[in-house]
1. Just need a number here: residues in the stretch 236-287 that are in contact (Cβ under 8 Å) with a residue 12 or more places away in the chain and not in a helix (DSSP H, G or I).
2. If we keep just the residues of the stretch 112-122 that are on the phi < 0 side of the Ramachandran plot and part of a loop (DSSP other than H, G, I, E, B), which is surrounded by the fewest Cβ atoms within 10 Å (Cβ to Cβ)?
3. Considering only the stretch 349-370, I want to know if a residue exists there that is at pLDDT 95 or above and over 29 Å from residue 415 (Cβ atoms).
4. Quickly run through the stretch 182-213 and pick out the residues that are more than 24 Å from residue 90 (Cβ to Cβ), touching a strand residue (DSSP E or B) at 6+ places or on another chain (Cβ under 6 Å) and part of a loop (DSSP other than H, G, I, E, B).
5. Residue 220 passes all but one of (1) over 24 Å from residue 439 (Cβ atoms); (2) out of contact with any strand residue (DSSP E or B) (no Cβ under 6 Å at 6 or more places or on another chain); (3) in a loop (DSSP other than H, G, I, E, B); which number fails?
6. Of the residues that make up the stretch 365-377, is at least one in contact with a helix residue (DSSP H, G or I) (Cβ under 7 Å, 6 or more places away or on another chain), in a loop (DSSP other than H, G, I, E, B) and surrounded by 18 or more Cβ atoms within 10 Å (Cβ to Cβ)?
7. What is the residue count in the stretch 387-413 for residues that are loosely packed, with under 14 Cβ neighbours inside 10 Å and within 24 Å of residue 319 (Cα to Cα)?
8. With the checklist (1) surrounded by 20 or more Cβ atoms within 10 Å (Cβ to Cβ); (2) closer than 29 Å to residue 361 by Cα; (3) modelled with pLDDT of 95 or more in hand, flag the one item residue 251 doesn't pass.
């Protein structure tokens, strides 16, 4: 009898472990929306809008005399492939009368994902730490967004109401540290036009069309994005028909707007107006896809093979920061197998509390190396999150950069800079890939 009881307990423990290990992103709604996005993204109806977007990116890069190498053209091809898919992903989950939670703006999933080969859908400075999910809403309805944190939650999370899926202008937002979370990690957010004194309420109005959820994972080995489930409190008797033609029409409009907001707004106005190999002073904004509690610093690099860009930043009062490097198309190159980003959990800190990063094509041996993955030109967007929304937190943030020859690197870095051997680097990259897979696959 005792033996049977022990066996039963072992089976139950195994079941609990299996349930706990399930990826909260791998839902049936996710599968259905991915399948539909893959099918519709092949439509030739998207071709003209794709060309418009590509032409805008090329105009911007030529305006700033970017060298068009074979790598540049390849990066632009990748950017356009993912931009088209992102436009369709935004459109397939755009019915407020039948809302779903949809994970978007992420790199391709090539294995262990419902037997699907899901294309990448990144655009305008993806964040390898961040799991972006969207939910369509209307101020005509009331919704409840049910969440559950896993093992204490993530480094930073927020829920924004946005007026446009492309510009992502913020209508309202609530932030993780302000929310009421139950002892078991569960919470419920209400969304409707009413005023509510509670911390877990988003007030919608005629402008709000989408919930944009961000879960930033600092420790890839432990943290997991929350489980999310949307409930439409009162099912409408009548709603507009939502067909594949509707989706394609919306996707085409998304692509047209992306050409302006990303190809001009982000790439030209925000990035290449900054002098090369420098970082703009951190700033906060409510437009162009930025979170209201977030500060950001843009820049672009242009380096020779024997050069590195040495960048130093402070964390200030932010709860979280991440420093990624991107292609000229504003997409991270190979975030799984290459160290193209480091956050405040992953990076090594200087004695004075600042962080110094070395950006280069060749491995400098510095622990805080950011790999350009064979590219001499690219873009940068540093993010700080968890800041006061009134902008007062940015005064403690600093970002500087300068070009240094690789053979002069050691003499210019802080004395306490941590270096790693080739074997240690290989181990770090293997661990990165393992942790990436834990988060991104079933």
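The values are calculated or read from the model by the stated rules, or taken from the named source; none is laboratory data. What you see is a predicted model; the values in this text were computed from it and never measured. Glycine also receives a Cβ, built like all others from the backbone with ideal geometry; neighbour counts cover every protein chain displayed.
1. Going through the stretch 236-287 one residue at a time, the tally reaches 16.
2. Ranking the qualifying residues of the stretch 112-122, first place goes to 117.
3. Scanning the stretch 349-370, I find no residue that is at pLDDT 95 or above and over 29 Å from residue 415 (Cβ atoms), so the answer is no.
4. Residues satisfying the conditions are 185, 200.
5. Only one criterion in (1) over 24 Å from residue 439 (Cβ atoms); (2) out of contact with any strand residue (DSSP E or B) (no Cβ under 6 Å at 6 or more places or on another chain); (3) in a loop (DSSP other than H, G, I, E, B) is unmet by residue 220, namely (1).
6. Looking for residues that are in contact with a helix residue (DSSP H, G or I) (Cβ under 7 Å, 6 or more places away or on another chain), in a loop (DSSP other than H, G, I, E, B) and surrounded by 18 or more Cβ atoms within 10 Å (Cβ to Cβ), one finds at least one in the stretch 365-377, hence yes.
7. Going through the stretch 387-413 one residue at a time, the tally reaches 5.
8. Among (1) surrounded by 20 or more Cβ atoms within 10 Å (Cβ to Cβ); (2) closer than 29 Å to residue 361 by Cα; (3) modelled with pLDDT of 95 or more, the lone unmet condition for residue 251 is (2).
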